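These notes concern the structure reproduced below.
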Amino acid sequence: MAAKLNLSGPPDSDTSSPNDQSVSSRSSNRSLRVADKARRKNEAEDPFVLALKYFSDVEAGTPVYGNDDVERNMVLVEKVAYSKGLSPEAISIMLEFAMSLRMGTILCPRVLKCLIPAAVVPQEAVVRAFVWLGVGKIPVSTQILFIKWVLTVFDMIDAKDQLRAIYGFIFSFVTEENLVCVFIFFLVVVRVFRVRKLLELQSKLGRQPFLLNLLSLYKVFCPDLVTLSIPSRIKSVFRNHNMPWRSALIAVQKRDGSQAASSISPASTIKDKTNPRKRKHCHLVLPALCSVVNKEAQTEPSSSRKVVPLVQLHSFAQLLENMHRIELPAQMGSLLGSSLALQYLDCVQDESALLRLNFWLGYALHEEFLFCGDGGASQNSEEALQFLNKLLSTQHFLQEGFSSSEAFLYKFLNVWDGSLLRPQILGLLSNIPVIPSSQIRRLLFEPLMQLFFTSSLFFKCGLMECLNNMLLKWLTWHSVYALEDDLDISLNSHTSINMTLSGFKDSVMELVDFVGRLASVGLQLEGCHSLLLSFILDFYETVCDTFLKYGLPLVVIPPTGVFYPALFASDPVSVDRLAYIMYRYKVNLTSAKSQETEQAFHISRQTFREFNHYAVVMVNCLWNSKMFQPGMGIQPGEELLLKSNVPQYWMSFDLIHHPAFMSYAVDFHQKCWPGRKDMDLNSIKHSKPWSWYLEYLFSQGYDGLKQFVQSNISRQKAAGDGQGNSLST
Amino acid sequence: MEKHHNSVTRTPLNSVVVQRRSKSKSYRLSYRSCLGAASRLGLTPALTARRLNTSRRAPKPHNITEKVDAEQLTLLVKTEWQLSYVTPLYQFRHTQLKSYSRQLSAFIAAEKQQGMAVEVEGPQKTFRVSFSLVQGLTESDDDAETVLVQIYSKPLFARQDEPQKPVWSGWLTCINGNPEYLGSLPKDFICLPLFGSSGAEGLTTLVKSWFQQSFDCCFGPLEISHTSLQWLMALWTNCHNEYSIQHLKMIWTLPAVPPLQVTYTVNSEDAWELWGSVRKGNRGGGGGGGGGEEAEEESSIDIEEVRRFMQGLQSHFYRHFRLDLSAGSLNQVSTALGSAKYSGRIKISNSRYMITTLTLLTECALLKMPI
């Protein structure tokens, strides 16, 4: 039953100190005197070295009172200690001096207090000090001070093997001298008889913080032997006792520029939850990381393989080392609370474990948002917010959603007001995996439609962004498989979601169509708001590249309700983005057409027709100044157009007169003909200025427009009769 | 359904399968969407929109006294229970009850004296816990055996030789649980969705948190919904000709200012008569000509009948008091067979119809499952 684990971090091998005293600091095993001599040659005049020499050479029994030498040297050492920290040799010398009681017990605490290591603490010195602890007559208060010091600098001790070897010896201090020997906390080697001894001691002494901490560690290692609940008041006792050293240490290290001794204090594993007020509902509290108690029930008798509970791991290195034999915690939900555990969650393949996690998560979400009749969600929205943020960051870390949050969302969307925790809910929503097209309408579209049409512009934008992210994730998922399998193999072979490639395509198509409908109506409702339009164009930037970027042989052309508002938008950015999207459509379609036969998929002729139609409209509109030509999408009656009194209405959306570009045209006109008084924009139409004008536009950063023009219009005919359409079916 | 999956990953030891194609493997798992056909729980709430059964068999008297230990049965019957739902228990073993008793009593002792460590194997002086099986209290093969937990303690100033008295009891059960749902769970989960407790609130909390920590499950409050209360009324009334329900009492709350509470008690004979009139087919007819089909018809009760029964009761009340009860909410029903409250408290007074009631409550508890 004994569990032993190396709790130390990686040995701080590279912390060679830049301090002048510790040039050869790592040679802790070298005789102190030899080291001292070696240094004396170089720095014989350094008063600090002399002070150290004084402490190492001072005769036993030298009086303290009235001894100016001691005082002077002590002050020197303290000054160095608090400003730069002490080198390993200095620590050895001072510790030896203090613990050997060569000058009595008076100086002892003072020396201990200034033992601030600059880099590392030699193990040998600590072991020697423990030996002095056994033979000397050190007062209990000083012993405690010493132990506390060891605890503080524990992470900086250069090795721990010898300390571990004398574990039993150190343990004896707990029982015989009632000493706060929490030190063994770090070296723990659990034995049943020790648990008994500690429990006996506890019954004698009552609840002492040091015993508590020790026992709680035993609980981590042997939950089947001891159980314990730690009251919230005591939690901090263990940590605070060494604050003076800690702050001095940090100060020294800061000055040094080196990193603070990184230690995942085991104290933090005990219970790090702060629960300031008692909550009525506590389902949002992450469970604490605990190891499994009922081990005999779990492990099959035959397999006596040693497993390491996740609780006992404190660094990523340890995690990697023990990857093959990690035991999952008692409550899977606790994985969400620790970043280290999350790393492991990514590798968990055990279906039961994931189901446990999902049960817990689903329970928490349901209780908080669906079952709480008394407005529980709004009551503690701060906690709910944090919980969802945690969940979101977990899902982002794992790059996948949890099925329980998915199931929850399908229910919650029906009762959601669209404003409660909107960013979080939309974030969760964007993580849901592909829904079969037969279900997608009822589960997703119907509730979303209601929310979309009854909510503010900001919700509409948020939802567009969310659906774009959802589509991106679906497509990414697909592309991962497209890389692994041949395209024509149904996805079914590899995934447990029972979906064929055509099923996947159907779902994507449904989603894109749905967004197209939402976008069309949304733009109408919001008066073609350019913010909303921008989010919609984001979505179509994803859609137009499905084939080339994600390897999905599917091209869906935007509906007229999106195309025309973008084309006639009053801001040039939207028109530019539309041009870019059309350009990408063309590239995708051309590429798909060339691969169609060899890869056995089929892009509908209708898609080509739609694209060509839009391309013709765009070229006619922006380039050829031939608005409202027969055969185009918009064809108002002749009388109506005349009645509008717009002169030369057929030109009103070319690149010069388009409301989005008019200001550029004016600007260009002024630059081109600075002397002219009367402005005639039509003069830009002439062949030369026209190409200059285009150059001018492109130089303003309208790359989409540039790519569109370059791919659709052959410039030789740029004089105005350029025929744009180039793709035929 | 897909039990073969589990055999591979039953123990956590095998949990990490080192594979070359581990990424695709992890995708497979991650893609265990709640809609996927291979989803563990084929019966997803989102898809099937689980609802209470709209039709259920009429209660038949069960000779439960022959099957179940008398002492346990008395405890179950005489107490009013506060209900909760429980998500499936992971790694719960009916064979480990003794060890659970020790662990729980050590856990309670440790929690009660905050900050004192407690040895698990040592004898506990203040609280003694006993886990026991309630054998015979199952209906279908899928149901896990009911587990009874009792906590004994000595009063604070008791004499040395005074025996410990039961201070808390609770049980976990599953009666006629939805076989599809139960079947879809992996083997290492035991589904005992219905939890009843009676005793000090503090102990209930402790027991719950011990279960949560030991079996990675979650406890949530289980209300007995409006519809379930109506079902109970109908089911109990339906027993009247075999066992007198004596009275049918309902407590309604009406949304007036100040809130109006209405206690509505119906004579058992009148209730029975009303029930007879809303039942499909004429039950009062000649006994002989029925045959199998009619018996079948007779033994199932439809939600429509329950609704008509309620309407009858409500319109009767309206005729007398001009108060429309349907505007309010039903909070409590009671008959000689038992009583149930919206807050989730139930008392089953007669063991003969216990199974029927527990079946309904199990169904309610399963409806609350998050997945």
*Can you list the residues, at least 5 places off or on another chain, whose amide H is less than 5 Å from the amide H of A:I326, using H built in the peptide plane?*
A:V308
_Theoretical gain in end-to-end length, A:E200 to A:S479 [0.36 nm per residue, Cα-Cα removed]_ = 94.1 nm
*Extending each Cα 7 Å along its Cβ direction at B:E180 and A:L398, get the distance between those two points in nm, one decimal.*
2.6 nm
*Can you give me the Cα centroid spacing of region A:606-674 and region B:307-371 in angstrom?*
71 Å
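Given R₀ = 41 Å, FRET efficiency for A:S438-B:S329 by Cβ-Cβ distance, to 0.05? Before the final figure, lay out each step's value.
Details: r = 37 Å, r/R0 = 0.91.
That pair, A:S438 with B:S329, gives E of 0.65.
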*asked:* Going by amide H atoms built from the backbone, whose H comes under 5 Å of the H on A:G104, apart from near neighbours?
replied: A:G61
_Output wanted: per-residue J couplings in Hz (rounded whole) for region A:567-577, from phi through Karplus 6.51 cos²θ - 1.76 cosθ + 1.60, θ = phi - 60°, x for Gly and Pro._
5, 9, 4, 8, 9, x, 4, 5, 4, 4, 5
*Got a sec to turn the phi values of region B:192-203 into Karplus ³J(HN,Hα) couplings, 6.51 cos²θ - 1.76 cosθ + 1.60 with θ = phi - 60°, whole Hz, x for Gly and Pro?*
10, x, 10, 10, x, 9, 8, x, 4, 4, x, 5
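Grab the Cα-Cα distance for A:L525 and A:C347, subtract it from 0.36 nm times how many residues apart they are, and report the gain in nm with one decimal.
Roughly 59.4 nm would be gained on extension.
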*Put a dot 7 Å past each Cα toward the Cβ at A:S714 and A:R110; how far apart are the dots in nm?*
9.9 nm
_Loop sites in region B:156-222: trypsin sites (Lys or Arg not before Pro), DSSP, at most 14 other Cβ within 10 Å_ = B:R159, B:K187
_Give me the one-decimal nm value for the distance between modelled label points at A:R676 and B:S299, 7 Å along each residue's Cα-to-Cβ direction._
9.7 nm
*Among A:E383, A:E59, which comes first, then next, by fewest other beta-carbon atoms within 10 Å?*
A:E59, A:E383
*Rounded to the nearest 0.05, what FRET efficiency do A:W650 and A:F453 give with R0 = 35 Å and r taken as the Cβ-Cβ distance? Could you check?*
0.45
*Residue by residue through region A:387-403, which ³J(HN,Hα) values in whole Hz follow from phi under the Karplus form 6.51 cos²θ - 1.76 cosθ + 1.60 (θ = phi - 60°), with glycine and proline marked x?*
4, 5, 4, 4, 4, 4, 5, 4, 5, 5, 4, 7, 6, 6, x, 8, 5
*Per residue Cα convex hull volume for region B:155-195, in cubic angstrom?*
105 Å³
*Between B:R319 and A:L420, take the C-beta separation as r, use R0 = 45 Å, and let me know the FRET efficiency to the nearest 0.05.*
0.55
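Bear in mind these aren't lab numbers, they're just calculated from the coordinates by the rules spelled out. Worth saying up front: this structure is predicted, and the values here are computed from it rather than measured. Please note: Cβ atoms are built from the backbone with ideal geometry, for glycine as well, and neighbour counts cover all protein chains shown.
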